[in-house]
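Only the coordinates and a few stated rules stand behind these numbers; no lab work does. This structure is a prediction, so every number in the text was calculated from the model and none was measured. Please note: Cβ atoms are built from the backbone with ideal geometry, for glycine as well, and neighbour counts cover all protein chains shown.
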């Protein structure tokens, strides 16, 4: 027996020795590589043929190291912490104006309701020449944005040039706490259908959606469209709170699993719901990610909502922030999240990279099937698949170039100066005569853009030249290019519907701010139209949420 105990004791000692050795071996490797890195950095800094910027060199090294993990694990320097905090909280000190660069101009593109910019008389269409005597034509758009922001209660002056006024003038503002709304707009889109646009998951997103839902129900809403298109996600707990509005208390919304046991968590609804019966459609697209996918996936798993739109982005990873030295931070991926049915919708497998370092999507052969509460089959590994696949057509490149060049903005400014505000969004009409005036206005404006056809032609020419047979097809390629060039002259008319849509949105934002911009798109929104038609046939709606 003593021999048996000695053998057991020896095994225990050996096990404990191995357990103790493994971490120490790992820590030695870490220390060794840190020492090598520090020595390398010192030698490069001292001996490299040209002067190097130590901060830039180190930043490059850190970013390359983190990029080898996944795109969401990032180093955030002290200078970037404030912007990162704004992104995560939706709060900053400012005046409530949004600007963008058009060439060398900094122009106001949106005024947030109820804040200093609106009260102080700033308008969409104004060009900001100076901020506190700093000429904006000499700074980047990022620098201009930081000049606008500052500590609460501090003063800021804007030198503004307004179309229709002879000379620039100065407007003075006091910076205040700006809270970017998670729900920039909600409204009744039919007498019985309420619409809620959710663009972020910063603090209070759940409360904002709840307030919108309650208000719409008071206005007679018997159906709800929750629009998550383009929503990149945010706080996981806010996704739980939003799901809680539509499903009972005590239901699992999402679970997380990581390398560390502390990251293996389950999140359940904690409160009584607002309405567990009202029909809901959730709109998603390829820009709907993370927390958006938790909401869409959870409501789909419980057969609580019909999901309409495009396949979502496919981000099933959870990040947390960790403080670093000198007030910097690390945002690091710590876990994957899983919807109630058990699926992880992460589309890219960052743990396995190809030889060239690229990352591939989870192959269809490895995707697993799961079942919703009522037995419908759903899959992991590829974002959220809509119950009804539908997408608004993408804008033609001409619309993008008209936007980026500022032509849409400048024409809108001129149009608004000549037309009185309509009584409401629905009564506004941008007529064929108005569009003809825009085409005439564009007559002497230079612009160019590249289409997929242009890119394909360029590839054909390049390949033909490599294979030394371009001369044989040169005449044909040139004829195609000439035809495309001639056709392009008529693109303002050929793509009238999309250009008109963009103009209407810009014009109505001048009159009604964010509400005008959003509601201007309703009449062109095929996914919203489909949602409304679904509600008109509740038997068909219910059938979608049933097995078979």
| request: Provide 135, 527 in ascending order of the number of other Cβ atoms located within 10 Å of each residue's Cβ, fewest first. | output: 135, 527
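Need one number: % antiparallel among DSSP beta bridges in segment 185-392, to the nearest 5.
Details: 24 of 40 bridges.
Antiparallel bridges: around 60 percent, rounded to the nearest 5.
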| said: Between residue 524 and residue 155, how high is the FRET efficiency from 1/(1 + (r/R0)^6) when r is the Cβ-Cβ distance and R₀ = 56 Å? Nearest 0.05. | reply: 0.85
| note | Site residue 451, offset 7 angstrom along Cα→Cβ, radius 16 Å on amide nitrogen, limited to segment 486-519, gives 486-499
| field | Radius of gyration and Dmax over the Cα atoms of segment 91-179, both given in Å | value | 11.8, 36
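State the antiparallel share, in %, of DSSP beta bridges confined to the chain, rounding to the nearest 5.
Working: 50 of 66 bridges.
Bridges in the chain are about 75 percent antiparallel.
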| Burial ordering of 430, 409, fewest other beta-carbon atoms within 10 Å first | 430, 409
| Could you work out Rg/(2.2 N^0.38 Å) for segment 338-442, with Rg from alpha carbons only? | 1.87
| field | Tail beyond 26 Å, pair distance distribution of segment 394-524 (Cα, percent) | value | 37
| task | Rounded to the nearest 10 degrees, what's the angle between the helix 452-466 long axis and the longest principal axis of the chain, both from Cα atoms, 0 to 90? | result | 70
| query | What is the Cα centroid distance between segment 282-342 and segment 496-526, reported in whole angstrom? | reply | 29
| On Cα atoms only, tilt of 291-301 relative to the major axis of the chain in degrees | 80
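For segment 185-392, take the alpha-carbon Rg, divide it by the Kirkwood Rh, and send me Rg/Rh.
Numbers: Rg = 17.4 Å, Rh = 17.6 Å.
Computed over Cα atoms, the ratio is 0.99.
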| task | Could you please state, rounded to a whole Å, how far the C-alpha centre of segment 528-543 is from the C-alpha centre of segment 67-108? | result | 39
| said: Within a 10 angstrom radius of the beta carbon, how do 284, 544 rank from fewest other beta carbons to most? | reply: 544, 284
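What number, rounded to the nearest 500 deg cm²/dmol, is the helix-based mean residue ellipticity at 222 nm of the chain, given -39500 (n - 2.57) per DSSP H run of at least four residues and division by all its residues?
Numbers: 17 runs with 225 residues, N = 548.
Estimated from H runs of four or more residues: -13000 deg cm²/dmol.
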| Which length gain, in nm to one decimal place, applies between residue 44 and residue 421 when the Cα-Cα distance is subtracted from 0.36 nm times their residue separation? | 129.4 nm
| task | Please give the contour-minus-distance gain from residue 143 to residue 353: 0.36 nm per residue of separation, less the Cα-Cα distance, rounded to one decimal in nm. | result | 71.9 nm
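Thinking of the chain as a set of Cα atoms, what percent of all their pairs are more than 36 Å apart? Kindly include the intermediate steps, with their values, before the conclusion.
Details: 75602 of 149878 pairs.
More than 36 Å apart: 50 percent of the Cα pairs in the chain.
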| remark: Taking Cα atoms, the helix 432-441 axis meets the longest principal axis of the chain at an angle in degrees (rounded to 10) of 90
| request: Grab the alpha carbons of segment 139-229, take their convex hull, and tell me the volume per residue in Å³. | output: 181
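For residue 465 and residue 30, calculate 0.36 nm times their separation in residues minus their Cα-Cα distance, and state this gained length in nm to one decimal.
Numbers: separation 435, 0.36 × 435 = 156.60 nm, distance 5.09 nm.
The residue 465-residue 30 span can extend by a further 151.5 nm.
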